Amino acid sequence: MLVFVVLLAVPVSAPPPVAGASLKDQIAAAKERQAELTASIARSQQMVEQLKRDEAATRNALAATTEELKDIRADLVGVRERIEEVTARLERIEERHAALVEEQRQTDFTLGLLEQELANGEEDLKARREALGRRLAEAHRAENTTLLEQVFTARSFSDVLTDTSAYLAYGDQDAQLAQQITQDQQALDSLRLLTASTRLRTDQLRRATLDTQAQVLELRASLRQAKARLARLEKKTEKARERQAAQILLIARTKKEAQQRVREQIAARSQLRSRINNLVASAQRQANSRFGGVAPGQSNGFFDWPTTGNISQDYGCTGYSVNPPRGDCPHFHDGIDIANGSGTPIRAAGSGVVAFVGWNPWEWEPAFMVVIAHGGSLSTLYAHMLPRYVVSQGQVVRKGQLIGYMGDTGNSFGSHLHWEVWQGGDWLPVNPRLFL
């Protein structure tokens, strides 16, 4: 018994703790990596949503352009500008898609590292659990060995002192070790669940990215088709203009003759205006009373196209030498020329009152025309028509109502309609597209 007391009284130092700090650091690093993944996934989700919005906007713009290309009266210059805008927008979408793919590649790499770290942590915990098991087994063995047996079997008395002191300290250390293992296991389990959820979200984002890629390819194919159709229409329009240019050469073979034709055209337009000025003013009063005209800010959509065909010459500056000057343009076309077969129906671009029907005798080649007053100081002129009196002066017509047929009367370069929109008391020609 005396030995027992001495053994308890001898001061001893506790054994070093089993290594566990490395796993704690790994868990902390894994949590940081998980936070990086969460931020990366959030960025990817934002990029996917932005891509979807961009694709939808591009699809709508391309659909509108494609629809306009189906109408051979399309503003080819405007269509080309819109196609160029769609092309640039699609290139930006492709750049964003590439950035999204790279972001997801980095996410997958980081996720792989995290999963490897979690696997390493599980191996660490397994080793620590086994070490704890061995310690507990050793402690159990010691508890079942009497001190007297230890004293008699030990190689030296100091060994008895060391072993006994260690066994006495093992109890508290084992409890702490078991508690730490439990906490680390819980942390790893939580991280593993979060990682599994992250993997699911990345898989969903990957599928969404593949969907956006398919949409981009579809948009690219539609864009190629729109460009091809535009090229065909531009070629067709250019051929019509070449035919007109050939006819102009027949009419005015020299620059001097062309200048004379311009002077004659200006004089004819002046005489026509003075001739029908009162008629248009009277029809405008009737149209204002009946229809009210276009309201401020509501001009777009006020008129419909008056006929079908291919636009052979648009409103604005032109290279045709027989057109008179205007502003900074040495030659200016006051309306839109729509070419089609002779006898193609022509309809009122808007509701109004017929101000004039008949010939313009002041041109070097008289043209048959119709003028309609629509109210709100707006009037429309339809020239080069076949000489058929489908409507009469003072008649009220509705938008889309038949008013005549396409022809090539007057200074014409083939069967077409020359359509003008006048605005204001001086009947100044303005761009008809502003009202379509």
Quick count over the range 332-350, residues being surrounded by fewer than 18 Cβ atoms within 10 Å (Cβ to Cβ) and in a loop (DSSP other than H, G, I, E, B), is 3
Residue pairs qualifying under the 6 Å Cβ cut-off, at least six apart or on distinct chains, with the first in the range 308-321 being under 19 Å from L69 (Cα atoms) and modelled with pLDDT under 85 and the second being open to solvent by 50 Å² or more (accessible area, probe 1.4 Å) and in a loop (DSSP other than H, G, I, E, B), are N310/I72
Scanning the range 35-56 for residues that are in contact (Cβ under 8 Å) with a residue 40 or more places away in the chain, open to solvent by 80 Å² or more (accessible area, probe 1.4 Å) and within 15 Å of the chain's Cα centre (by Cα) gives K52
The residue from I93, I72 that alone is buried (at least 16 other Cβ atoms within 10 Å of the Cβ), at pLDDT 75 or above, under 30 Å from R229 (Cβ atoms) and not aromatic (F, W, Y) is I93
Practice prompt. Would you confirm whether any residue within the range 354-366 is at pLDDT below 85, closer than 19 Å to A283 by Cα and crowded, with 17+ Cβ neighbours inside 10 Å?
Written response: yes
Reported set for the range 42-87 where residues are among the aliphatic types (A, V, I, L, M) and under 30 Å from N340 (Cα atoms) is A61, L62, A63, A64, L69, I72, A74, L76, V77, V79, I83
What about A221, is it closer than 22 Å to R347 by Cβ, in a helix (DSSP H, G or I) and at pLDDT 65 or above?
-> no
In the set E149, E67, E85, E115, the lone residue that is modelled with pLDDT of 70 or more, over 30 Å from D304 (Cβ atoms) and of a type outside the set (S, T, Y) is E115
Pairs returned, first residue in the range 186-205 that is under 15 Å from G112 (Cβ atoms) and open to solvent by less than 70 Å² (accessible area, probe 1.4 Å), second residue that is at pLDDT below 80 and basic (K, R), beta-carbon separation under 6 angstrom, 6 or more apart or interchain, are none
Test: G394 is in a loop (DSSP other than H, G, I, E, B) and over 20 Å from S282 (Cα atoms)
no
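The values are calculated or read from the model by the stated rules, or taken from the named source; none is laboratory data. Keep in mind that what you see is a predicted model, and the values were worked out from it rather than measured. Neighbour counts are summed over all protein chains in view; Cβ atoms, including those assigned to glycine, are modelled from backbone coordinates with ideal geometry. With ligands, DNA and RNA removed, areas are computed over all heavy atoms of the protein, side chains included. Shrake-Rupley method; radii C 1.70, N 1.55, O 1.52, S 1.80 Å.
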